[in-house]
Amino acid sequence: MCRGCVTAYPAAITALLAFLTLRPLAYDALFALSLLAFGLNLGRFLFSRSVLTDILFNALLGISLAAVISAALLAPPGERTIIAAIAVFVFIAFNLFKGYRMFATCRSCPSFHKFPHCTVQRPWPEDEATDRYPERDTGTAAP
């Protein structure tokens, strides 16, 4: 399981339980919160990546997800469909964009021809991928 899943889904479940149990906001405010949190999450593409920024942005993504699910569940039936449709559209667009960026990075990797094995383990020593991609260096290779 990736760091994103380990961070985003527990944050989403915790926030969802809090939103549905405590009901701190009306459904329209929850929808606005989801849009705000998602908009802030787009800032991830402006910063250099680190473990801390990944964790913070993934937690924010989880809160955004929880807020939009809560808004859809608490909204009147007519608005529920609209909120759910917007959420599905944003979810698909975001994942397509992230997927495109991820595979663009993969295509520039010298281990691309070994995909998907390169995502599971450190790139092969003979292609010197860790010189170009130090974030993939797990410290397991011989010097």
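Please treat every number below as a calculation from the coordinates, not as lab data. Because the structure is predicted, anything quoted here is derived from the model rather than measured. Cβ placement follows ideal geometry from the backbone for every residue including glycine, while neighbour counts extend to all protein chains displayed.
Quick look at the values:
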| read-out | value |
| --- | --- |
| Projected area averaged over orientations for the stretch 3-134, convex hull of C-alpha atoms, nm² | 8.9 |
| Net charge, VAL68 excluded, C-beta distance under 15 Å - Lys, Arg +1, Asp, Glu -1 | -1 |
| HN-Hα J in Hz across the stretch 88-105 - Karplus 6.51, -1.76, 1.60, θ = phi - 60°, x for Gly and Pro | 5, 4, 5, 4, 5, 4, 4, 5, 5, 5, 5, x, 4, 5, 5, 6, 5, 5 |
| Charged-residue dipole, Cβ positions (Lys, Arg, Asp, Glu), the stretch 3-134 about Cα centre, Debye nearest 20 | 40 |
| Proxy reagent accessibility, fewest Cβ within 10 Å first, across VAL51, VAL88, VAL68 | VAL51, VAL88, VAL68 |
| Derived scalar couplings ³J(HN,Hα) [the stretch 12-25; Karplus, 6.51 cos²θ - 1.76 cosθ + 1.60; whole Hz; x for Gly, Pro] | 5, 5, 4, 5, 4, 4, 5, 5, 7, 7, 7, 6, x, 9 |
